[in-house]
Amino acid sequence: MTEPLIELKSVSKSFGSHKVLDNVDLTIYRGEALGIIGPSGTGKSTILRVMAGVLSPDEGEIYVQGVRRDGLIEDGVQEVGIGMVFQQAALFDSLTVEENVGFLLYQNSKLPRSRIRDLVKEKLQMVGLPGIGDLYPAELSGGMRKRVSFARAIMSNPDSPTEGAEVLLYDEPTAGLDPIASTVIEDLIRYLQSSHETCSTYAVVTHQASTARRTADRLIFLYEGKVQWQGTVSEIHNTENPLIRQFISGSVEGPIQVGG
């Protein structure tokens, strides 16, 4: 592996009396496709938010390109740009697709509107959605909204290229989609990794076996707030770990509590 981009060391996070993350160690390396899997409610989305710097841990340390992060991402200069794709796309319903994708540039850059519109068209083309800039989110299917959120996540200011996302964090990118739409999203995640100038590193949270298999190279399995297993995609099918075997098979019999 090359140098770590993001490191979590002994990170814990609780909400009230419920401990969601319990002394978690996790590393993402440059150029890596990391899958974070596990049953629902085991801290997968929480760990993404901690990595992104939008949620602070109760205990532990976070390093971004070797520099310890103090506070949240908004509190200081980030060494590495981190983009997040939320499970529900999180688009602004009152804005057009073009305004959603170009939102950060409209708000924070000095680029002329014509230039921003050209950049938006470029990103929409990358995610396979040309010509929809004038539509509103309500006019799109679930899979199309997901792809629009991808276009927004990879948007960067050409006058300040260091502000773009170098790491993308995907939270359940195929949740609620049919198998064909899921395949489109999975292929797009890999395409963006290989084709985009900077977004070559990502972590994807999923509980869907096909998404984990098709988008990740290395997997970690979270359960009860702890990393219970980690290995390659091929190794997951050969492990004797009872948690993994139950999760992969979908069996109600085993150490994972049903409904937990």
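The values are calculated or read from the model by the stated rules, or taken from the named source; none is laboratory data. These figures come from a predicted structure and were not determined experimentally. Backbone-built Cβ (ideal geometry, glycine too); neighbour counts: all protein chains shown.
Suppose we filter THR211, THR174 for residues that are at pLDDT below 90, of a type in the set (Val, Ile, Thr) and either over 11 Å from LEU34 (Cα atoms) or touching a Gly at 6+ places or on another chain (Cβ under 6 Å) (or both); which single one remains?
Testing whether each residue is at pLDDT below 90, of a type in the set (Val, Ile, Thr) and either over 11 Å from LEU34 (Cα atoms) or touching a Gly at 6+ places or on another chain (Cβ under 6 Å) (or both) leaves just THR174.
Restricted to region 94-135, and to residues that are within 13 Å of ARG145 (Cβ to Cβ) and part of a helix (DSSP H, G or I), which residue is farthest from the chain's Cα centre (by Cα)?
VAL97
Determine the pairs where a residue that is farther than 18 Å from GLY250 by Cα and hydroxyl-bearing (Ser, Thr, Tyr), located within region 209-231, has a partner that is at pLDDT below 95 and surrounded by fewer than 18 Cβ atoms within 10 Å (Cβ to Cβ) with Cβ atoms under 7 Å apart, the partner being 6 or more residues away or on another chain.
That search, which allows pairs on different chains as well, returns THR215/ARG190.
Against the condition outside any helix (DSSP H, G or I), buried (at least 18 other Cβ atoms within 10 Å of the Cβ) and in contact (Cβ under 8 Å) with a residue 12 or more places away in the chain, how does LEU169 come out, does it pass?
yes
Given the criteria touching a residue at least 24 places away in the same chain (Cβ under 8 Å), in a loop (DSSP other than H, G, I, E, B) and touching a Ser or Thr at 6+ places or on another chain (Cβ under 9 Å), does LEU91 qualify?
yes
Which residue out of ALA89, ALA175, ALA153, ALA165 is under 30 Å from GLN208 (Cα atoms) and touching a Lys or Arg at 6+ places or on another chain (Cβ under 7 Å)?
None of the other options fit; the residue is ALA89.
Considering only region 169-194, state which residues are touching a Cys at 6+ places or on another chain (Cβ under 8 Å) and closer than 17 Å to GLU122 by Cβ.
The answer is LEU192, and nothing else.
If I ask for residues that are buried (at least 17 other Cβ atoms within 10 Å of the Cβ) and assigned to a loop (DSSP other than H, G, I, E, B), which ones from region 198-232 would you list?
THR198, CYS199, SER200, THR206, HIS207, GLN208, ALA216, GLU224, GLY225
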